[in-house]
Amino acid sequence: MKKKITRNLIAMMLSFTFAATVIGCGAQEKIATTPAPEEPSEKAVTAETSVAASEETTEESADEVDKYEGSLAGTTLTIGTDVSFVPFEFPDENDVYTGFDMDLISAMSEYLGFDYTLTPMDFTAMLMSVQTNKLDVGIAGITMTDEREEVMDFSNPYYDAGIQILVKEDSTIDSFDDLTDKTLAIKEGTASLSYVEEHYPEAKVVTFATIDEAYLEVQRGAADATVFDAPNMLYFVKTNPDCGCKVVGDLEDACQYGILFPDGSTNKEYFDAALAKFKADGTYDTIYDKWFGTN
Ligand code: GLN
């Protein structure tokens with residue numbers, strides 16, 4: 001809470017300073033073009049616009065949100081994603097990234113007007129790149145955890161999830177209670193890893209950069225189970241009926257996914273506005289239905 005208040009103050013101070021400069025130089029046009037976010041001064045232009053905008057949108061009716069349409073035109077954002085996290089982001093047969101998150105980003109780009117470069121990378125590298133400002137945005141079914149929120153910013157939540165267990169079809173493991181002394185293949189840097197380390201200190205945990213490697217470990221019998229995001233595991237089993245695996249256990253660690261920004265990013269407000277717009281106008285449901293069936 002404290003962090004947020006301090007940050008808002010700094011953003012406002014920055015914006016006032018820059019607003020004065022802009023008016024002094026007669027460079028009013030710059031505000032409308034909202035240039036690329038890398039340079040601090042350009043960030044300040046966005047901050048100025050965003051503070052003004054947020055003051056006006058205390059009540060978010062669909063009409064008020066609409067003023068964000070095209071508001072990031074002229075901006076090119078660097079966006080990082082995971083190499084594989086079905087059905088949110090994964091390469092299709094032509095190696096083009098597809099999935100729920102990819103459709104969401106594409107719709108946001110169209111609505112807000114920004115261009116973007118998409119870089120798939122290992123999950124931990126993506127988190128670190130956002131944290132150190134090397135990326136403007138991270139989207140990869142990222143769980144909104146307190147630890148991440150301490151050092152970065154999230155959009156408003158856009159997806160409810162939780163974790164479950166994946167085991168071989170003939171496994172006797174059928175609940176989280178059965179994991180105590182087992183060998184677990186877990187994806188590095190994930191909320192699942194934190195969960196397992198906290199709840200199963202006796203378990204033997206082996207980590208992998210991608211979830212596909214962890215699944216393989218279970219399939220070949222080198223690990224007893226993996227613990228990971230339920231939507232990913234359920235989609236994996238559904239689309240790989242011959243994988244010899246099943247998903248078991250009650251949903252644990254209920255969580256939400258958010259889009260990730262470096263701490264203090266001015267882009268958050270625009271993405272939140274786009275999310276609100278998509279929930280109101282049916283765009284969100286269309287994307288959801290495409291990947292998960294009926295909402
Ligand atoms: N939701 C999980 C997390 O944020 C995993 C996301 C992923 O592997 N892309 O930790």
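Key figures for this structure:
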quantity: Conditions (1) touching a helix residue (DSSP H, G or I) at 6+ places or on another chain (Cβ under 6 Å); (2) more than 16 Å from the ligand (Cβ to nearest atom); (3) outside the structural domain of Y68 (by TED's automatic domain parsing); (4) on the phi > 0 side of the Ramachandran plot: number failed by Y200; calculated: (4)
quantity: Number of the exception - Y111 against (1) away from the ligand (no atom under 16 Å from the Cβ); (2) outside any loop (DSSP other than H, G, I, E, B); (3) surrounded by fewer than 19 Cβ atoms within 10 Å (Cβ to Cβ); calculated: (3)
quantity: The one condition in (1) within 16 Å of the ligand (Cβ to nearest atom); (2) in contact with a strand residue (DSSP E or B) (Cβ under 8 Å, 6 or more places away or on another chain); (3) of a type outside the set (V, I, T) that D212 fails to fulfil; calculated: (2)
quantity: Hey, C245 modelled with pLDDT of 95 or more and more than 22 Å from D160 (Cα to Cα) or not; calculated: yes
quantity: Top-ranked residue in the stretch 136-146 [being within 22 Å of K187 (Cα to Cα) and more than 10 Å from the chain's Cα centre (by Cα); ranked as nearest to the ligand (Cβ to nearest atom)]; calculated: T145
quantity: Of the criteria (1) within 12 Å of the ligand (Cβ to nearest atom); (2) at pLDDT below 95, which one G80 fails; calculated: (2)
quantity: Residue within the stretch 61-74 that is crowded, with 21+ Cβ neighbours inside 10 Å, within 24 Å of A209 (Cβ to Cβ) and at pLDDT 95 or above present; calculated: no
quantity: Inter-residue pairs, beta-carbon under 6 Å, first farther than 16 Å from G162 by Cβ and in the stretch 172-200, second within 14 Å of the ligand (Cβ to nearest atom) and part of a loop (DSSP other than H, G, I, E, B), 6+ apart; calculated: E188/A209
quantity: Pair list, Cβ < 7 Å and 6+ apart or interchain, from the stretch 236-257 residues that are hydroxyl-bearing (S, T, Y) to residues that are away from the ligand (no atom under 16 Å from the Cβ) and assigned to a loop (DSSP other than H, G, I, E, B); calculated: none
quantity: Residue ID - farthest from the ligand (Cβ to nearest atom), chosen from residues in the stretch 152-171 that are small (G, A, S) and part of a strand (DSSP E or B); calculated: G162
quantity: Of residues in the stretch 222-279 being away from the ligand (no atom under 13 Å from the Cβ) and hydroxyl-bearing (S, T, Y), the one surrounded by the most Cβ atoms within 10 Å (Cβ to Cβ); calculated: Y270
quantity: Pairs where the first residue, in the stretch 107-129, is touching a residue at least 24 places away in the same chain (Cβ under 8 Å) and the second is of a type in the set (D, E, K, R) and within 16 Å of the ligand (Cβ to nearest atom), C-beta under 6 Å, 6+ apart; calculated: F123/D82; T124/E188
quantity: Which numbered condition E149 fails, given (1) more than 10 Å from the ligand (Cβ to nearest atom); (2) assigned to a helix (DSSP H, G or I); (3) not assigned by TED's automatic domain parsing to the domain that holds L104; calculated: (3)
quantity: Lone qualifier among S175, S171, S194 - being crowded, with 16+ Cβ neighbours inside 10 Å and either small (G, A, S) or modelled with pLDDT under 95 (or both); calculated: S171
quantity: Flag for Q164 being under 22 Å from the mean Cα position of the chain (by Cα) and not assigned by TED's automatic domain parsing to the domain that holds A276; calculated: yes
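The values are calculated or read from the model by the stated rules, or taken from the named source; none is laboratory data. This one's a predicted model, so the numbers in the text were calculated from it and none came from an experiment. Cβ coordinates were reconstructed from backbone atoms using ideal geometry, including for glycine residues, and neighbour counts include every protein chain displayed.
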